[in-house]
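Before any comments, here is the structure.
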Amino acid sequence: VMYVILRGEVDIFANGVLVETLGAGDLLGEMALIDSKPRSASALTRTDCRIAPVGEERFLQMVKETPHFSLHVMRILAERLRRTTAKV
């Protein structure tokens, strides 16, 4: 399951270190949904949030029906990879 943040802010931690804060429109958990591996980070709400779960079946339906959704997810993954690479 991945999650879409509809409202509020969520802090993302890797190895106990705050790595980013996500807000409305952002996704979390998309990597684990795509590759079925354990999650690489943990999340903690910073503010009151409204978050929508998206399971694998719904994700695949959204990819099929909305090609721009696929592009949006790929852009998020690419941006996170760029930020990680820049830190190395």
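Quick note: the coordinates plus some simple rules give every number you see, no bench work behind them. Not measured: the values here are computed from a predicted model. As a convention, Cβ positions derive from the backbone with ideal geometry for all residues, glycine included, and neighbour counts pool all protein chains shown.
Structure summary
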quantity	calculated
Residues of the range 43-63 satisfying the condition of being small (Gly, Ala, Ser), closer than 16 Å to ILE5 by Cβ and exposed (fewer than 12 other Cβ atoms within 10 Å of the Cβ)	ALA52
Residue match in the range 41-56 (condition: in a strand (DSSP E or B), under 13 Å from the mean Cα position of the chain (by Cα) and without any contact (Cβ under 8 Å) to a residue 24 or more places away in the chain)	no
Residue check for ARG7: over 15 Å from ILE76 (Cα atoms) and either in contact (Cβ under 8 Å) with a residue 24 or more places away in the chain or hydrophobic (A, V, I, L, M, F, W, C) (or both)	yes
Within the range 14-37, tally of residues that are surrounded by 10 or more Cβ atoms within 10 Å (Cβ to Cβ) and either of a type in the set (Ser, Thr, Tyr) or within 14 Å of VAL1 (Cα to Cα) (or both)	9
